[in-house]
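Have a look at the structure below, then the notes.
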Amino acid sequence: MPSNQLEIPVSGHPAPIIDWRKDGQLVKETSRLQISTTALNTILHIRHAAKEHSGQYVVTAGNSAGKDTGEIIVTVLEKPDPPTGPIRIDEISSDYVTISWEPPSYTGGCQLDNYIVEKRETTSSDWQTVSATTVRTTIKATRLKTGSEYQFRVFAENRYGKSTAVTSPIVTAQFPFSVPDAPGTPFVSTCTLHWTPPLNDGGDHVSHYILERRETSRVTWTIVDDHVDAVSYKVTKLVPGKEYIFRIAAVNKFGVGEFLESDPFIAQNPFTTPGPPSIPVASAVTGDSVILTWERPGTDGGSEIDGFIVEKRDKDGVRWTRCNRRRLNDLRFRCTGLIEGHCYQFRVLAENAAGMGEPSEPSDYIKICEAVYPPGPPTNLKVTDYSGSTVSLSWSKPIYDGGVAVIGFVVEMKEATDDEWTSCTPSTCIEETSFTVKRLRENAKYYFRIYAMNAAGIGEHVDLPEPVVAVERLEAPEIELEAVLRKIVCVRACSTLRLYINIRGRPEPEVKWLKEGSPLSERSQLEYVLTVENCCGSKSAFINVRVLDSPSAPTNLEVKEVKKDSVSISWEPPLIDGGAKISHYIVEKREEARMAFTSVCSNCERNSYKIDKLQEGGFYYFRVLAVNEFGSGLPAETAEPVKVSEVPLCPGKITLIDVTSNSAKLTWEKPEHDGGSKIISYIVEMQTKGDDAWNMCSEGRALEVTVNGLNEGNEYFFRVSALNEKGKSEPTPLLTSVKIKDTSTVPVITLLSNTFNVKAGDDLRIDVPLRGVPIPTATWKKDGNILKETSKVNVLTSDTAAHLAIKDATRSDIGMYEVTLINSVGTTSAEIIVNIFERPGPPSDLIVNDVSADFVSLSWQPPNYTGGCQISCYIVEKRDTSSTSWQTVSATVARSSIKVSRLTQGTEYQFRVASENRYGRSHFVESDTVVAQYPFKPPGPPSNLHVVQASKSAMVIAWNKPDSDGGSPVIGY
């Protein structure tokens, strides 16, 4: 229900009382739920429908005549409730967890599409999708990290949206099994008894013994074993801490002897669990393992130690987990499977026959990472330069970096006369593998050495083999030009040019740059001169630079040929090619009325192009751009717009219309194409038969001409040419010669039918064929009056017919039309009948002829206007005056009267009638209101009631007729 509205039709008389109930309870109106009732309907309007509006609604309508009930089930479609929790953890493993849940209690009024399952690690607040298309209520979430804690949440989804989520408890991805917990405190549950055979065997050997026991707190004895063959026995299933007494009796074939009791005995172990070992010490730490060592505990608890258990705990966790699967007999263990970068604590537990002892104190946190050592000495130490106050050194990184990246170097020096080394580099060391030591004393002798440094510290040093004397070195200037600079250096226009050139010389030479001027050429080439100079001499080098740019505009752009839909243009290459070969040209066009150019061809490789598909008669500008590898250059553009047109085609067929004794009338058709430019005029030429010369006899824009001044009896040839701004077309000749003679005739009308029918609203066109020489003129009349031309009525006369056109014909256009043709020879006329078909007018004189309790008789007169055709039927409708809706009585009444039956007595009615033909139905004409009732009343009371005769068992009474019979004869008393 897009409108959230229940509209129930309700009828009844008197008007019924409406009652709405939902799920058995009376519906209460609120701002969101409202009930309204009209004469025909009861409406339940729900605004912003929600879940609570779903249910079974019962609407009851009742009045004094009875009641009726209807049931409506309303379902509100929305997103569902969340799945029913809690989420169950069905299975856990090291890399997956299986969870399940129950469907939501409310599905949103429609079927669920799927469930959406998400997960997150407890260390993060970001939720990740496990599945967005789960249709069952269980899922196996895989690819989990072993040991990580996860939380899951589940959404229900239907086609109207996604519910809120139900969230699971936190679960750790781990194997469903683990190392066992420490055993309980060991206790003695067994006891071994020993005895000697009796001194007196009773005359027969002892076959066996009977052993019994009791707790000292009890008085009853319990048989331990009633057939013991040996003189010792191991008693089991004793309760730790309980005190027991045992007794034994010997048995031979004569019976059981006396029992011998033991002293009281408490069931307990003779030793305890061992003490804690020493704190484990870590060594040989790698990226995933560590070696642990420890000492034995101070006490073994009275029993030999069977082995040790090593446990670890991650700094980010709280649980201790076992490291070794089997008990260790050694005091050393390599723990593997650790995560690099994590910190761990370790502890050790000892175990003997009494069980697991107390754990040792935990070790300090140990970070798991690869072990590092100081690096080896740098290599390839050498002097690269020196002067009176500086020495420049360079070296290579050490071969051995100690297991971690080298972070820098330390340079030290000492004078030959000193014993102490001093650092030349900052305290933070330097990262480069070269260094210049400054502020040295001139002519002094120095020693140098280099250390490498990493995270573990400073490594071994490497010494410069020989001392260095700080003296000035003289060297003539030198310029080292790379191979690329020896050629022409190319650079893009508007970009920055940087030339890197190595120069040498002691002392440092002075550098000068000069640019040699040159006239602008096609390739924009410049020459630079570099000069370096010091006290030992000078050196120069030349560098040629070519500036690369897009080309200049093409030259000599010309329009070569113009057709009705195309233009051909040509041009010359640009003077400046921008330092690269012209690859192609771009041709563009622009209509005179527009500002922007559009591309016609973006890859033209020639110096000319034909531009097709232009609009005939349109004015265009054209331009051409040259393109090289650096882009498109400046455009060359036509100075004036070019009109796309050509001379027109020759005119169409020429027809001789009329010939008199001194003239000839010609007509012709327009050319099939005007060449893209408007036709200015038509030139008519004639030639006398036997003469070679053509003479122009007419020039005008009309498609006909009357050539006068011809000689009767002569024969003439005619031809016509079309002219536009581009020139004159080829002429079209009249195929035969024309002989000048009198050919006049009386006008003649040839009508096949003089009746024209048209549907109202359509256009009416009457064509009257005619003949006559000279061509007659036509006049039109309607119902005897001259027919005037208006925007609706148009009259036209051609050489072959007289035409009358009436737009949107209506009833007023019906009538008798007359057309009259007149020429110099005579006159003729014809009458034409016009009939308009449309829907009829309404019936007239609707009257009520007869009224009774259950029927009414109606009659009427046919419509004054039948719409130009026969009435097909009448439509009769009625309505109760208490209602606004009309009901059809009959839609096929052929006569102009009807008897309307099945009326309700006492009800007031109104009737209406419309006429119908094949073009539509008329307006209705309505009757006066009438009450369905008998046309007479009940009779009045009889009068003069009296007793005529009386007896013991009978009485005769008599009376007179009532004064009024109510309009109908009395049929009984």
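The residue that is surrounded by the most Cβ atoms within 10 Å (Cβ to Cβ), among those in region 645-673 that are acidic (D, E) and in contact with a strand residue (DSSP E or B) (Cβ under 9 Å, 6 or more places away or on another chain), is E646. The single residue among P82, P86, P104 that is of a type outside the set (D, E, K, R), open to solvent by less than 20 Å² (accessible area, probe 1.4 Å) and farther than 12 Å from A141 by Cα turns out to be P104.
All of R213, R143, R153 fail the test of being closer than 20 Å to W101 by Cα and either modelled with pLDDT under 85 or not aliphatic (A, V, I, L, M) (or both), apart from R153. Look at region 475-496: where a residue is part of a strand (DSSP E or B) and a partner is among the polar types (S, T, N, Q), sitting 6+ places away or on another chain with Cβ atoms under 7 Å, you get P477/N534; P477/S538; E480/N502; V489/N544. Filtered by the rule that a residue be in a loop (DSSP other than H, G, I, E, B) and of a type in the set (D, E), region 683-702 gives D691, D692. Here is the figure for region 670-682: residues that are in contact with a Leu (Cβ under 6 Å, 6 or more places away or on another chain) and within 30 Å of E712 (Cα to Cα) total 1.
Counting only strands (runs of 3 or more DSSP E) that sit wholly inside region 703-760, those with at least 1 residues that are surrounded by fewer than 15 Cβ atoms within 10 Å (Cβ to Cβ) and either of a type in the set (V, I, T) or modelled with pLDDT under 85 (or both) are 704-707, 745-749, 755-759.
In this entry, I898 passes the filter for residues that are at pLDDT 90 or above, part of a strand (DSSP E or B) and either open to solvent by less than 60 Å² (accessible area, probe 1.4 Å) or of a type in the set (A, V, I, L, M) (or both).
Considering region 284-298, the residues that are surrounded by fewer than 15 Cβ atoms within 10 Å (Cβ to Cβ) and among the hydroxyl-bearing types (S, T, Y) include one that is modelled with the highest pLDDT, namely T293.
Given the structure, is K788 in contact with a Phe, Trp or Tyr (Cβ under 6 Å, 6 or more places away or on another chain) and either β-branched (V, I, T) or more than 15 Å from D658 (Cα to Cα) (or both)? So K788 does not fit the description; no. Looking at region 674-686, can you tell me whether even one residue there is of a type outside the set (D, E), touching a Pro at 6+ places or on another chain (Cβ under 8 Å) and open to solvent by 50 Å² or more (accessible area, probe 1.4 Å)? Checked against the condition, which is being of a type outside the set (D, E), touching a Pro at 6+ places or on another chain (Cβ under 8 Å) and open to solvent by 50 Å² or more (accessible area, probe 1.4 Å), region 674-686 yields no hits at all. Considering region 536-558, and only residues there that are open to solvent by 60 Å² or more (accessible area, probe 1.4 Å) and not in a loop (DSSP other than H, G, I, E, B), the residue that is farthest from G631 (Cα to Cα) turns out to be S538. Among residues that are farther than 21 Å from I586 by Cβ, part of a loop (DSSP other than H, G, I, E, B) and without any contact (Cβ under 8 Å) to a residue 24 or more places away in the chain, E672 is included. Evaluate region 312-335: report whether one residue or more is under 30 Å from L440 (Cβ atoms), outside any strand (DSSP E or B) and modelled with pLDDT under 90. Scanning region 312-335, I find no residue that is under 30 Å from L440 (Cβ atoms), outside any strand (DSSP E or B) and modelled with pLDDT under 90, so the answer is no.
Within region 920-973, the set of residues being open to solvent by 100 Å² or more (accessible area, probe 1.4 Å), within 30 Å of E838 (Cβ to Cβ) and charged (D, E, K, R) comprises D928 only. Screening region 575-588 for residues that are modelled with pLDDT of 90 or more and surrounded by 19 or more Cβ atoms within 10 Å (Cβ to Cβ) and picking the one that is nearest to K643 (Cα to Cα) gives E588. Among the residues of region 89-101, those that are open to solvent by less than 20 Å² (accessible area, probe 1.4 Å) and of a type outside the set (S, T, N, Q) comprise V97, I99, W101. Tell me, which residue of region 627-668 that is of a type in the set (V, I, T) and in a strand (DSSP E or B) is nearest to C601 (Cα to Cα)? Going through the qualifying residues, I end up with V627. Suppose the filter is over 17 Å from P104 (Cβ atoms), out of contact with any His (no Cβ under 8 Å at 6 or more places or on another chain) and at pLDDT 85 or above; does V166 pass it? Judged against the criteria, V166 is not a match.
Of the listed requirements (1) open to solvent by 70 Å² or more (accessible area, probe 1.4 Å); (2) modelled with pLDDT of 90 or more; (3) within 22 Å of H13 (Cβ to Cβ), T907 misses just one: (1). Only one of the numbered conditions (1) over 30 Å from S798 (Cα atoms); (2) open to solvent by less than 30 Å² (accessible area, probe 1.4 Å); (3) out of contact with any Ser or Thr (no Cβ under 6 Å at 6 or more places or on another chain) is violated by A914, and that is (3). For E592, state whether it is surrounded by fewer than 15 Cβ atoms within 10 Å (Cβ to Cβ), acidic (D, E), touching a strand residue (DSSP E or B) at 6+ places or on another chain (Cβ under 6 Å) and touching a residue at least 24 places away in the same chain (Cβ under 8 Å). Criteria met by E592. The conditions of being surrounded by 13 or more Cβ atoms within 10 Å (Cβ to Cβ), within 30 Å of G376 (Cα to Cα) and not small (G, A, S) are not met by P477.
Only residues that are open to solvent by 30 Å² or more (accessible area, probe 1.4 Å) and either of a type in the set (A, V, I, L, M) or under 23 Å from D81 (Cβ atoms) (or both) were counted across region 120-137, and they come to 9.
Scanning region 761-783 for residues that are small (G, A, S) and either over 27 Å from M686 (Cα atoms) or modelled with pLDDT of 90 or more (or both) yields G761, A778.
Scanning region 341-366 for residues that are in contact with a Lys or Arg (Cβ under 9 Å, 6 or more places away or on another chain), outside any strand (DSSP E or B) and either open to solvent by 30 Å² or more (accessible area, probe 1.4 Å) or not hydroxyl-bearing (S, T, Y) (or both) gives G341, H342, P359, E361, P362, Y365. The single condition from (1) under 41 Å from the mean Cα position of the chain (by Cα); (2) more than 17 Å from S570 (Cβ to Cβ); (3) not hydroxyl-bearing (S, T, Y) that H673 fails is (1).
Assess whether V746 counts as being touching a Gly at 6+ places or on another chain (Cβ under 9 Å) and at negative phi. Against the criterion (touching a Gly at 6+ places or on another chain (Cβ under 9 Å) and at negative phi), V746 qualifies. With respect to the conditions (1) loosely packed, with under 14 Cβ neighbours inside 10 Å; (2) without any contact (Cβ under 8 Å) to a residue 24 or more places away in the chain; (3) of a type outside the set (S, T, Y), V889 falls short on a single one, namely (1).
The values are calculated or read from the model by the stated rules, or taken from the named source; none is laboratory data. Here the structure is a predicted model, which means the values were calculated and not measured. Please note: Cβ atoms are built from the backbone with ideal geometry, for glycine as well, and neighbour counts cover all protein chains shown. Ligands, DNA and RNA are stripped out before the accessible areas are found, and what is left, the full protein with its side chains, is counted by its heavy atoms. Shrake-Rupley method; radii C 1.70, N 1.55, O 1.52, S 1.80 Å.
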